Every structure is written in structure tokens, then in C-alpha cells.
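Here's the structure we're looking at; comments come further down.
Bear in mind these aren't lab numbers, they're just calculated from the coordinates by the rules spelled out. Because the structure is a prediction, the values reported are computed rather than measured. Cβ placement follows ideal geometry from the backbone for every residue including glycine, while neighbour counts extend to all protein chains displayed.
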Amino acid sequence: MISLLSKLMNQIIPYSCVLCHQKSNNNFDLCHQCEHQMAINRQACQCCAIPIEGTALVCGKCQQHPPFFQQSFIPFIYQDPIRHLILQLKFHEKLYAAKILGHLLATQIKQNNKALPELIIPVPLHPTRQKQRGFNQTIEISRFLSHKLNIQMDNSIIIKEIHTQPQIDLSRIEREKNLANVFSVKKTPVAQHIAIVDDVVTTGHTVNQIAKLLQSTGVEKIDVWAIARTVT
Ligand SMILES: [Zn+2]
Ligand SMILES: [Zn+2]
């Protein structure tokens, strides 16, 4: 019924693609042609989602030092046009991009038959950063995922107490130092299976810090869901 309604609406007021500005032939603001330009993270480590070659399911790094989460699902590689949409959302206040990114992630989760968690937790921003930006992009993406996949979202369990420099500007060692003890748990989640939601995963340190905290509260299964994986 809803899809019929959205098809009808699309005939009356057609969706227009935010990337090429042509009429969208999808039921959201991104056309099929631009959607197919997105680089899919096809062969990735099941644990951290870094692209891998060969037949191994888990990368060497995760085998040697398993993180505190069990699985990652990060369907895209961080390059244009997905990179462009993420940057538009984070630095140019284009909130429509959260809906498109959330739509793409939810579709990929459904298509890949991922086991759904009971709860999703967006990676928090420090209150100062959130105030500067006016919103937290991972909450905006999670809001859409929550609605589309019918999973509860809670952004009050994990908070970021210490203001840190953006990870992208730092070396690997500086990143680890930068993230030590910056997050804390405010309340014990009741769910046993949780997905942490981020926009971009680079080293995985941020999500691992959060997974460590969640595990310490007794959560049994922790997944990481993100839009894009950087390839270094
Ligand atoms: Zn387009
Ligand atoms: Zn891995």
C-alpha cells in the first residue's frame, strides 16, 4: 500500500536525483544511474569489513587481534559519489543526504539478509561538536534505519565525554591515543544483540571503543553497521 502510494506520488511529484538533478527513476531522491556509480565493498573481512582478496573470510589483523565486535556490514567503499553525499551531510548541513544514505544502507541490509539486532546505537558526537554542527549525522542515518527496519534506536546509552580532534587528520598511533576513554556508558542496555551505526569507518578504533564498553555491560552480540569503509 505504501509502495503503491509512493509510486503514485512519484508520478504526481517526481523525485529528483540530488547528484545529477535529473528526474529520479527510483522511489527516492537518487536515480538508478547514480546509484550504480557507488563502489560496492564486495569482498570484505566479515569482522571489520576491510576489503580482502583470496578466500579468507576474516583478515589477518582481526585473526591476530579480534575486536570487541563480531561482525561489520559496510556495503560501500568511501569514494565518490558516496563520499560526496557523506561530506554534504557532515559539513554542508544537507540533511536530505541522511535519508538517502539510510535508504541505501537499509536496502543493502535487507538484500544481504543480515540478522537484525534488537537495538541500534549511533556513534555519539561530543555535545560541543553536535552543537556546532546542529545535528549528529549518525543519529540522522540511524533514525531512518530504525524506521525502515523497525528496530529501536537509543542514543542515550553511550556518550562522548571528551572532545577529540577529527580522526582523519591523525596518524595511527595518534588516533589510538586520541580515542582512549573518550566514550562512556550511561545506562545498561537491555538488548543482547546491538548494532553500532557509523557513517564512515577508517581504522575501526571508534567503533571498537564503543563495542568494548557495550561488551562490559554484558551485551552478547555486537555488529557494526556503516555506510562506507575507507581503503588505505
Ligand atoms: Zn542521478
Ligand atoms: Zn578484519
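Taking Cα atoms only, the orientation of helix 96-111 departs from the longest principal axis of the chain by about 80 degrees.
Under 5 Å between amide hydrogens, built in the peptide plane, is the criterion, and for residue 158 it picks out 186 among residues at least 5 positions away or on other chains. Across 91, 69, 144, mean-square fluctuation computed from a Gaussian network of the chain (C-alpha pairs under 10 Å connected) peaks at 91. Length, then width, then depth: along the principal axes, the Cα atoms of the chain run 52, 44, 35 Å. Taking only Cα atoms and a 10 Å spring cutoff, compute GNM fluctuations for the chain and point out the largest among 33, 64, 137. Most flexible of the set in this elastic network: 64. Taking 151, 222, 121 in turn, the Gaussian network model of the chain (Cα-Cα springs below 10 Å) assigns the largest fluctuation to 151.
Selection among 17, 225, 108 by position relative to the dipole of the chain gives 17 as farthest towards the positive end (Cβ unit charges, Cα centre). When 223, 29, 199, 80 are arranged by Cβ crowding within 10 Å, least crowded first, meaning fewest neighbours, the order is 80, 29, 223, 199.
Under 5 Å from the amide H of residue 153 lie the amide H atoms of 120, each residue being 5 or more positions distant or on a separate chain, with H modelled from the backbone and absent for Pro and chain starts. For the chain, the longest principal axis of the alpha carbon atoms and the long axis of helix 82-92 meet at an angle near 80°. Residues whose amide H comes within less than 5 Å of that of residue 183, counting only those at least five positions distant or on another chain, are 161 (H built at 1.01 Å from N in the peptide plane). By the count of neighbouring beta-carbon atoms within 10 Å, fewest first, 21, 84 end up ordered 21, 84. DSSP beta bridges fully contained in the chain are about 25 percent antiparallel. Using only Cα atoms and rounding to the nearest 10 degrees, what angle (0 to 90) does helix 2-12 make with the longest principal axis of the chain? So the helix axis and the longest Cα principal axis differ by about 50 degrees. In this Cβ point-charge picture (+1 for Lys and Arg, -1 for Asp and Glu), the chain has a dipole of about 200 debye about its Cα centre. Taking 0.36 nm per residue of separation and subtracting the current Cα-Cα distance, fully stretching the chain between residue 115 and residue 32 would add 27.2 nm.
Among all stretches of the chain without exposed GluC sites (Glu not before Pro) (DSSP loop, at most 16 other Cβ atoms within 10 Å), which one is longest? Longest stretch, sites excluded: 162-219. The aspartates and glutamates within cross-link reach of residue 131, meaning a Cα-to-Cα straight distance under 13 Å and a gap of 8 or more places when in the same chain, are 93.
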